[in-house]
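See below for the structure under consideration.
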Amino acid sequence: MAAHTDTFEVATRGKGTYEITDEVERIVRASGIRTGTVTVFIQHTSASLIIFENADPSAQTDLKTFFERLVPEDSKGFVHTLEGPDDMTSHIRMVLTRSSEVIPLAQGRMQLGTWQGIFVFEHRRAPHRRRLVVSVVGE
C-alpha cells in the first residue's frame, strides 16, 4: 500500500463554484497510484467541496441561487457576525455541504461520472485563498 499527499490553493473571487478537477487529477498522476482512493479536503469552515455538474454552467448558477434562498445573509438573529453579515451564513452553508470528498481510482484515473467535477464552493462574498489537501492511497 502506498500513500501520497500534496496541497494546493485556490484563489476565489467571492461566492460561487471553482472547479479543481484538473488539479486533483494532476496530483493523482504524480502519485503513481493506479488503484485506490483519492481524498480531497478543504481546510476552511466558510467554503466547502462538492462533486457537481460540470458541463452546463447554469446548474452552478441554480445551486448558488438555491443556497442564497436557503440561508440568506439578511437572516436576523445570528450572533456570530464578527467578519460581516456573511460570516455565520457561510459556516452554515459549509455544514450543509462537505469538507471532503473521496473518489475511487482505477487504472490511475478518478472514477467520476461523465458530467461530474470537483468544486470548491465559496460561501463568502470577498475573495479568499482556499487551501486543499489531497491524499492518494492505494497501489
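Set side by side, the residues THR37, THR89, THR114 differ, and just one is over 17 Å from TYR18 (Cα atoms), among the β-branched types (Val, Ile, Thr) and surrounded by 17 or more Cβ atoms within 10 Å (Cβ to Cβ), which is THR89.
Taking segment 11-43 as the range and being touching an Asp or Glu at 6+ places or on another chain (Cβ under 8 Å), farther than 19 Å from GLY138 by Cα and not charged (D, E, K, R) as the test, the residues that pass are THR12, GLY14, GLY16, THR17, TYR18.
Could you please find all residues in segment 92-111 being among the basic types (Lys, Arg) and surrounded by 15 or more Cβ atoms within 10 Å (Cβ to Cβ)? Passing the criteria: ARG93, ARG98. Residues that are outside any loop (DSSP other than H, G, I, E, B) and more than 13 Å from VAL24 (Cβ to Cβ) within segment 106-128 comprise ALA106, PHE121, GLU122, listed in sequence order. Contact annotation: residue pairs with Cβ atoms under 9 Å, 6 or more positions apart or on different chains, pairing a residue in segment 110-139 that is free of Cβ contacts under 8 Å to residues at least 60 places away in the same chain with a partner that is loosely packed, with under 14 Cβ neighbours inside 10 Å, are GLN111/PRO104; THR114/ALA55. The strands (runs of 3 or more DSSP E) falling completely within segment 1-101 that include 2 or more residues that are of a type in the set (A, V, I, L, M, F, W, C) and more than 16 Å from the chain's Cα centre (by Cα) map to 2-11.
Out of everything in segment 117-133 that is touching a strand residue (DSSP E or B) at 6+ places or on another chain (Cβ under 9 Å) and among the aliphatic types (A, V, I, L, M), what residue ends up being surrounded by the fewest Cβ atoms within 10 Å (Cβ to Cβ)? Break it down into steps so the answer makes sense when it comes.
The first filter runs over segment 117-133 and keeps only residues touching a strand residue (DSSP E or B) at 6+ places or on another chain (Cβ under 9 Å), leaving 117-124, 127-133.
So of that shortlist, the ones also among the aliphatic types (A, V, I, L, M) come out as 118, 120, 132-133.
Numbers: ILE118: 25, VAL120: 23, LEU132: 23, VAL133: 15.
Ranking the candidates gives VAL133 first.
Bear in mind that the values in this text are calculations on the coordinates, not laboratory data. Owing to the predicted nature of the structure, the values given are computational and were not obtained by experimental measurement. Reconstructed Cβ throughout: ideal geometry from the backbone, glycine too, with neighbour counts over all protein chains shown.
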